[in-house]
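*Asks:* Sharing a structure here in C-alpha coordinates format.
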Amino acid sequence: MNDKTAVITGASKGIGKAIAEVFAHNGYNVVINYNKSENDAVLLKDTLTKQGCVCEIFKADVGNYEEAKGLIDFCVKKYGKIDTLVNNAGISQIKLFTDITPSEWDNMIKTNLSGVYNCTHNAVKYMLSEKNGSIINISSMWGIDGASCEVHYSAAKAGVIGFTKALAKELGLSGIRVNCISPGVIMTDMMKDFTDEDLELIKQDIPLNRFGTPEDVAELALFLASDKAKNITGQNISTNGGQVV
Ligand code: NAP
(Lines give C-alpha, C1' and ligand atoms only; values in the text may rest on other atoms or scores of the structure.)
Protein backbone atom coordinates (compact mmCIF):
# COMPACT_ATOMS: atom_id res chain seq x y z
CA MET A 1 0.00 0.00 0.00
CA ASN A 2 1.16 3.57 -0.75
CA ASP A 3 1.17 6.65 1.50
CA LYS A 4 -1.21 8.65 -0.66
CA THR A 5 -4.75 7.85 -1.76
CA ALA A 6 -6.89 9.29 -4.55
CA VAL A 7 -10.49 8.81 -5.64
CA ILE A 8 -11.08 9.45 -9.33
CA THR A 9 -14.73 9.67 -10.38
CA GLY A 10 -15.74 8.48 -13.84
CA ALA A 11 -12.47 6.62 -14.28
CA SER A 12 -13.70 3.70 -16.39
CA LYS A 13 -12.65 5.45 -19.59
CA GLY A 14 -11.46 8.64 -21.24
CA ILE A 15 -9.89 11.39 -19.15
CA GLY A 16 -10.72 9.74 -15.80
CA LYS A 17 -9.02 6.51 -16.87
CA ALA A 18 -5.85 8.42 -17.81
CA ILE A 19 -5.92 10.25 -14.46
CA ALA A 20 -6.30 6.93 -12.61
CA GLU A 21 -3.35 5.46 -14.56
CA VAL A 22 -1.07 8.44 -13.93
CA PHE A 23 -1.90 8.59 -10.21
CA ALA A 24 -1.53 4.82 -9.82
CA HIS A 25 1.89 4.92 -11.50
CA ASN A 26 2.98 7.79 -9.29
CA GLY A 27 2.57 6.35 -5.83
CA TYR A 28 -1.15 6.67 -5.10
CA ASN A 29 -3.62 4.04 -3.99
CA VAL A 30 -6.42 4.72 -6.46
CA VAL A 31 -10.16 4.14 -6.21
CA ILE A 32 -11.52 3.89 -9.74
CA ASN A 33 -15.16 4.98 -9.75
CA TYR A 34 -17.48 3.90 -12.57
CA ASN A 35 -21.20 3.91 -13.13
CA LYS A 36 -22.18 1.92 -16.24
CA SER A 37 -18.92 0.63 -17.74
CA GLU A 38 -18.13 -2.19 -15.32
CA ASN A 39 -16.10 -4.25 -17.83
CA ASP A 40 -13.84 -1.28 -18.58
CA ALA A 41 -13.31 -0.65 -14.86
CA VAL A 42 -12.47 -4.30 -14.16
CA LEU A 43 -10.03 -4.37 -17.08
CA LEU A 44 -8.33 -1.18 -15.85
CA LYS A 45 -8.00 -2.59 -12.34
CA ASP A 46 -6.54 -5.87 -13.67
CA THR A 47 -4.05 -4.05 -15.89
CA LEU A 48 -2.87 -1.67 -13.17
CA THR A 49 -2.62 -4.45 -10.59
CA LYS A 50 -0.46 -6.52 -12.97
CA GLN A 51 1.77 -3.45 -13.32
CA GLY A 52 2.28 -3.41 -9.53
CA CYS A 53 -0.14 -0.57 -8.79
CA VAL A 54 -2.59 -0.49 -5.86
CA CYS A 55 -6.20 0.16 -6.87
CA GLU A 56 -9.82 -0.80 -6.36
CA ILE A 57 -12.98 -0.21 -8.37
CA PHE A 58 -16.26 1.09 -6.95
CA LYS A 59 -19.61 1.51 -8.70
CA ALA A 60 -21.48 4.70 -7.83
CA ASP A 61 -23.64 7.20 -9.65
CA VAL A 62 -22.06 10.48 -8.53
CA GLY A 63 -25.41 12.21 -9.04
CA ASN A 64 -26.83 10.20 -6.14
CA TYR A 65 -25.74 11.54 -2.74
CA GLU A 66 -25.88 8.19 -0.93
CA GLU A 67 -23.90 6.42 -3.67
CA ALA A 68 -21.29 9.20 -3.63
CA LYS A 69 -21.07 8.80 0.16
CA GLY A 70 -20.58 5.06 -0.33
CA LEU A 71 -17.69 5.75 -2.72
CA ILE A 72 -15.83 8.04 -0.32
CA ASP A 73 -16.53 5.85 2.72
CA PHE A 74 -15.23 2.82 0.79
CA CYS A 75 -11.97 4.65 0.07
CA VAL A 76 -11.42 5.64 3.70
CA LYS A 77 -12.31 2.15 4.96
CA LYS A 78 -9.95 0.51 2.46
CA TYR A 79 -6.97 2.89 2.58
CA GLY A 80 -7.49 4.83 5.85
CA LYS A 81 -7.84 8.30 4.28
CA ILE A 82 -8.44 10.32 1.15
CA ASP A 83 -5.70 12.75 0.07
CA THR A 84 -7.04 13.68 -3.37
CA LEU A 85 -10.48 13.70 -4.91
CA VAL A 86 -10.71 14.22 -8.66
CA ASN A 87 -14.28 15.07 -9.66
CA ASN A 88 -14.08 14.00 -13.29
CA ALA A 89 -17.33 12.10 -13.99
CA GLY A 90 -19.48 13.88 -16.52
CA ILE A 91 -21.90 13.62 -19.40
CA SER A 92 -22.44 15.80 -22.45
CA GLN A 93 -25.28 16.44 -24.86
CA ILE A 94 -25.53 18.56 -27.99
CA LYS A 95 -28.97 20.04 -28.43
CA LEU A 96 -30.67 23.30 -29.30
CA PHE A 97 -31.64 25.13 -26.10
CA THR A 98 -35.31 25.10 -27.16
CA ASP A 99 -35.23 21.29 -27.44
CA ILE A 100 -33.68 20.60 -24.01
CA THR A 101 -36.38 18.94 -21.88
CA PRO A 102 -36.72 19.57 -18.12
CA SER A 103 -35.49 16.03 -17.42
CA GLU A 104 -32.43 16.47 -19.67
CA TRP A 105 -31.68 19.74 -17.87
CA ASP A 106 -32.05 18.07 -14.47
CA ASN A 107 -29.90 15.10 -15.48
CA MET A 108 -27.09 17.36 -16.71
CA ILE A 109 -27.06 19.44 -13.52
CA LYS A 110 -27.40 16.34 -11.33
CA THR A 111 -24.42 14.57 -12.88
CA ASN A 112 -22.06 17.41 -13.78
CA LEU A 113 -22.68 19.84 -10.90
CA SER A 114 -24.47 18.06 -8.04
CA GLY A 115 -22.08 15.13 -8.56
CA VAL A 116 -19.21 17.46 -7.63
CA TYR A 117 -21.07 18.58 -4.48
CA ASN A 118 -22.04 15.00 -3.54
CA CYS A 119 -18.49 13.61 -3.66
CA THR A 120 -16.79 16.70 -2.25
CA HIS A 121 -19.23 17.10 0.64
CA ASN A 122 -18.45 13.56 1.76
CA ALA A 123 -14.69 13.77 1.18
CA VAL A 124 -14.17 17.10 2.94
CA LYS A 125 -15.20 15.80 6.36
CA TYR A 126 -12.32 13.29 6.22
CA MET A 127 -9.89 15.88 4.81
CA LEU A 128 -10.80 18.31 7.60
CA SER A 129 -9.86 15.76 10.23
CA GLU A 130 -6.43 15.37 8.54
CA LYS A 131 -6.12 19.13 7.89
CA ASN A 132 -4.90 18.11 4.46
CA GLY A 133 -6.36 17.41 1.06
CA SER A 134 -6.58 18.35 -2.57
CA ILE A 135 -9.76 18.52 -4.63
CA ILE A 136 -9.53 18.80 -8.40
CA ASN A 137 -12.67 19.45 -10.41
CA ILE A 138 -12.84 18.79 -14.12
CA SER A 139 -14.89 21.55 -15.74
CA SER A 140 -14.60 22.54 -19.42
CA MET A 141 -13.49 25.50 -21.51
CA TRP A 142 -17.21 25.81 -22.34
CA GLY A 143 -17.80 26.61 -18.67
CA ILE A 144 -15.62 29.69 -19.27
CA ASP A 145 -16.71 30.60 -22.77
CA GLY A 146 -20.16 29.03 -23.28
CA ALA A 147 -20.94 26.65 -26.15
CA SER A 148 -23.85 27.06 -28.53
CA CYS A 149 -26.15 24.00 -28.38
CA GLU A 150 -24.65 23.02 -25.02
CA VAL A 151 -26.36 25.50 -22.69
CA HIS A 152 -27.06 22.98 -19.93
CA TYR A 153 -23.52 21.55 -20.18
CA SER A 154 -21.95 25.03 -20.18
CA ALA A 155 -24.11 26.14 -17.23
CA ALA A 156 -23.17 23.09 -15.15
CA LYS A 157 -19.47 23.49 -15.96
CA ALA A 158 -19.56 27.23 -15.14
CA GLY A 159 -21.11 26.19 -11.83
CA VAL A 160 -18.17 23.88 -11.19
CA ILE A 161 -15.75 26.80 -11.65
CA GLY A 162 -17.70 28.97 -9.17
CA PHE A 163 -17.89 26.05 -6.74
CA THR A 164 -14.11 25.64 -6.95
CA LYS A 165 -13.33 29.30 -6.24
CA ALA A 166 -15.76 29.59 -3.31
CA LEU A 167 -14.73 26.34 -1.64
CA ALA A 168 -11.03 27.16 -2.02
CA LYS A 169 -11.59 30.35 0.00
CA GLU A 170 -13.53 28.47 2.67
CA LEU A 171 -11.08 25.58 3.08
CA GLY A 172 -7.70 27.23 2.62
CA LEU A 173 -7.05 27.68 6.35
CA SER A 174 -7.90 24.01 6.86
CA GLY A 175 -5.05 22.91 4.60
CA ILE A 176 -7.31 21.79 1.77
CA ARG A 177 -6.66 23.07 -1.75
CA VAL A 178 -9.42 23.17 -4.39
CA ASN A 179 -8.60 23.67 -8.06
CA CYS A 180 -10.25 23.24 -11.41
CA ILE A 181 -9.10 22.01 -14.81
CA SER A 182 -11.09 23.20 -17.82
CA PRO A 183 -10.02 21.10 -20.80
CA GLY A 184 -10.58 22.07 -24.40
CA VAL A 185 -11.29 19.38 -26.98
CA ILE A 186 -9.90 16.06 -25.75
CA MET A 187 -10.25 13.00 -27.94
CA THR A 188 -12.43 10.58 -25.94
CA ASP A 189 -15.82 8.88 -26.40
CA MET A 190 -17.36 12.28 -25.59
CA MET A 191 -16.24 13.43 -29.05
CA LYS A 192 -17.42 10.33 -30.93
CA ASP A 193 -20.47 11.97 -32.52
CA PHE A 194 -18.37 14.57 -34.32
CA THR A 195 -17.56 13.81 -37.98
CA ASP A 196 -13.99 14.05 -39.29
CA GLU A 197 -15.09 17.18 -41.14
CA ASP A 198 -16.42 18.80 -37.93
CA LEU A 199 -13.20 17.92 -36.11
CA GLU A 200 -11.06 19.44 -38.87
CA LEU A 201 -13.05 22.68 -38.65
CA ILE A 202 -12.69 22.75 -34.85
CA LYS A 203 -8.95 22.12 -35.12
CA GLN A 204 -8.51 25.14 -37.38
CA ASP A 205 -9.70 27.28 -34.44
CA ILE A 206 -7.01 25.95 -32.09
CA PRO A 207 -3.76 27.96 -32.15
CA LEU A 208 -1.63 24.91 -31.30
CA ASN A 209 -3.46 23.02 -34.09
CA ARG A 210 -3.89 19.88 -32.00
CA PHE A 211 -6.52 18.21 -29.87
CA GLY A 212 -5.65 17.52 -26.27
CA THR A 213 -5.11 14.02 -24.98
CA PRO A 214 -6.44 12.48 -21.75
CA GLU A 215 -2.79 12.32 -20.63
CA ASP A 216 -2.46 16.13 -20.98
CA VAL A 217 -5.24 16.49 -18.41
CA ALA A 218 -3.93 13.66 -16.21
CA GLU A 219 -0.43 15.15 -15.88
CA LEU A 220 -1.93 18.52 -14.92
CA ALA A 221 -4.13 16.84 -12.29
CA LEU A 222 -1.10 15.00 -10.86
CA PHE A 223 0.79 18.30 -10.62
CA LEU A 224 -2.14 20.06 -8.91
CA ALA A 225 -2.44 17.22 -6.39
CA SER A 226 1.27 17.33 -5.57
CA ASP A 227 3.28 19.48 -3.17
CA LYS A 228 4.71 21.26 -6.22
CA ALA A 229 1.33 23.03 -6.34
CA LYS A 230 1.21 23.82 -2.60
CA ASN A 231 0.70 27.54 -3.30
CA ILE A 232 -2.08 26.98 -5.82
CA THR A 233 -5.73 27.02 -4.79
CA GLY A 234 -8.96 28.40 -6.23
CA GLN A 235 -7.52 28.37 -9.73
CA ASN A 236 -9.05 27.28 -13.00
CA ILE A 237 -6.45 26.07 -15.49
CA SER A 238 -7.59 25.49 -19.04
CA THR A 239 -5.59 23.02 -21.11
CA ASN A 240 -7.06 23.84 -24.51
CA GLY A 241 -4.30 24.49 -27.06
CA GLY A 242 -5.07 28.22 -26.90
CA GLN A 243 -8.65 27.91 -28.21
CA VAL A 244 -9.96 29.93 -25.26
CA VAL A 245 -7.53 32.41 -23.69
P1 NAP B 1 -16.10 9.90 -21.43
O2 NAP B 1 -15.01 9.24 -22.18
O3 NAP B 1 -17.51 9.87 -21.95
O4 NAP B 1 -16.09 9.34 -19.93
C5 NAP B 1 -17.01 9.80 -19.00
C6 NAP B 1 -16.78 9.08 -17.69
O7 NAP B 1 -17.71 9.61 -16.73
C8 NAP B 1 -17.01 7.59 -17.78
O9 NAP B 1 -16.04 6.91 -17.04
C10 NAP B 1 -18.39 7.42 -17.12
O11 NAP B 1 -18.53 6.20 -16.43
C12 NAP B 1 -18.37 8.54 -16.12
N13 NAP B 1 -19.71 8.92 -15.68
C14 NAP B 1 -20.70 9.50 -16.40
N15 NAP B 1 -21.80 9.68 -15.64
C16 NAP B 1 -21.46 9.20 -14.40
C17 NAP B 1 -22.16 9.11 -13.18
N18 NAP B 1 -23.42 9.54 -13.05
N19 NAP B 1 -21.51 8.57 -12.11
C20 NAP B 1 -20.25 8.13 -12.21
N21 NAP B 1 -19.54 8.17 -13.35
C22 NAP B 1 -20.15 8.72 -14.43
O23 NAP B 1 -15.82 11.46 -21.23
P24 NAP B 1 -14.45 12.26 -21.02
O25 NAP B 1 -14.19 13.01 -22.27
O26 NAP B 1 -13.41 11.38 -20.47
O27 NAP B 1 -14.94 13.33 -19.93
C28 NAP B 1 -14.47 13.33 -18.59
C29 NAP B 1 -14.73 14.71 -18.00
O30 NAP B 1 -14.01 15.69 -18.75
C31 NAP B 1 -16.19 15.13 -18.02
O32 NAP B 1 -16.51 15.83 -16.84
C33 NAP B 1 -16.26 16.05 -19.21
O34 NAP B 1 -17.32 16.97 -19.13
C35 NAP B 1 -14.89 16.72 -19.13
N36 NAP B 1 -14.46 17.32 -20.38
C37 NAP B 1 -14.25 16.55 -21.50
C38 NAP B 1 -13.82 17.16 -22.68
C39 NAP B 1 -13.58 16.40 -23.96
O40 NAP B 1 -13.39 17.03 -25.01
N41 NAP B 1 -13.57 15.07 -23.96
C42 NAP B 1 -13.59 18.54 -22.69
C43 NAP B 1 -13.80 19.28 -21.53
C44 NAP B 1 -14.22 18.65 -20.39
P45 NAP B 1 -19.44 4.97 -16.93
O46 NAP B 1 -19.18 4.81 -18.40
O47 NAP B 1 -18.93 3.84 -16.09
O48 NAP B 1 -20.85 5.34 -16.61
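The values are calculated or read from the model by the stated rules, or taken from the named source; none is laboratory data. If you're wondering where the values come from, they're calculated on a predicted model, not measured in any experiment. So basically every Cβ, Gly included, is an ideal-geometry build from the backbone, and we count neighbours across all protein chains shown. With ligands, DNA and RNA removed, areas are computed over all heavy atoms of the protein, side chains included. Shrake-Rupley method; radii C 1.70, N 1.55, O 1.52, S 1.80 Å.
*Asks:* Convex hull over the alpha-carbon atoms of the chain: what's its volume per residue in Å³? Before the final figure, lay out each step's value.
*Replies:* Values: hull volume 29.8 nm³, N = 245.
Given the Cα convex hull of the chain, per-residue volume reads 122 Å³.
*Asks:* Still on this structure: Per the Cauchy relation, a quarter of the hull surface: what is the mean projected area of the convex hull of the alpha carbons in the range 1-61, in nm²? Mind dumping the intermediate values first?
*Replies:* On the way: hull surface 13.6 nm².
Directional mean of the projected Cα hull area for the range 1-61 stands at 3.4 nm².
*Asks:* So what's the net charge close to G234: Lys and Arg +1, Asp and Glu -1, counting the other residues with Cβ under 9 Å from its Cβ?
*Replies:* Working: positive: K165, K169, R177; negative: none.
Result for the local shell: +3.
*Asks:* Next up: For the chain, what are the DSSP H helices with axial Cα length of 27 Å or more and mean Kyte-Doolittle hydropathy of at least -1.0?
*Replies:* On the way: long enough: 151-171 (30 Å, 0.49).
Passing helices, by number: 151-171.
*Asks:* So for the range 1-59, averaging the separation of alpha carbon pairs under 8 Å that are six or more residues apart and normalising by length, what relative contact order in percent results? Intermediate values should be presented prior to the final figure.
*Replies:* On the way: 111 pairs, mean separation 21.3, N = 59.
It comes to 36 percent, rounded to a whole number.
*Asks:* Here's something else I'd like to know. Note down the magnitude of the dipole of the chain about its Cα centre, charges +1 on Lys and Arg C-beta and -1 on Asp and Glu C-beta and zero elsewhere, to the nearest 20 debye.
*Replies:* Details: 24 positive and 29 negative charges, 207 e Å.
Dipole size: approximately 1000 debye.
*Asks:* Also, quick follow-up: Find how many whole Å separate the alpha carbon centroid of the range 187-211 from the alpha carbon centroid of the range 85-106.
*Replies:* Between the Cα centre of the range 85-106 and that of the range 187-211, the gap is 20 Å.
*Asks:* Heavy atoms only, 1.4 Å probe, whole protein assembly: order T120, T98 by accessible area, highest first. Kindly include the intermediate steps, with their values, before the conclusion.
*Replies:* On the way: T120 5, T98 120 Å².
Descending order: T98, T120.
*Asks:* Another one. What percent do you get for the relative contact order of the chain when only Cα pairs under 8 Å and 6+ apart count?
*Replies:* Averaging sequence separation for qualifying contacts and normalising by length gives 20 percent for the chain.
*Asks:* Same structure, new question: Quick one: check the C-alpha center-to-center distance for the range 124-170 versus the range 1-78, whole angstrom.
*Replies:* 20
*Asks:* To continue, here is another question. What accessible area per residue comes out for the chain, rounded to a whole number of Å², with a 1.4 Å probe?
*Replies:* For the chain, the per-residue accessible area is 48 Å².
*Asks:* Right, something else. Which one of I109, I232, I181 has the biggest mean-square fluctuation once the chain is modelled by GNM with Cα springs under 10 Å?
*Replies:* Comparing I109, I232, I181 in the GNM, the peak value goes to I232.
*Asks:* Picking from K157, K50, K165, which is most flexible by a Gaussian network model of the chain using Cα springs under 10 Å?
*Replies:* K50
*Asks:* While we're here: Give me, ordered by chain and number, the residues 5 or more places off V54 or on other chains with an amide H under 5 Å from its own placed amide H.
*Replies:* V30
*Asks:* For the chain, with a Gaussian network of springs between Cα atoms less than 10 Å apart, report the residue from A221, A147, A68 with the top mean-square fluctuation.
*Replies:* Its mean-square fluctuation being the largest, the pick is A147.
*Asks:* Given R₀ = 35 Å, FRET efficiency for S226-T98 by Cβ-Cβ distance, to 0.05?
*Replies:* On the way: r = 45 Å, r/R0 = 1.28.
The value I calculate is 0.20.
*Asks:* In terms of solvent-accessible area of protein heavy atoms at a 1.4 angstrom probe, what is the ranking of F23, F211, highest value first? The partial results should precede the final answer.
*Replies:* Numbers: F23 0, F211 35 Å².
Largest accessible area first, the residues go F211, F23.
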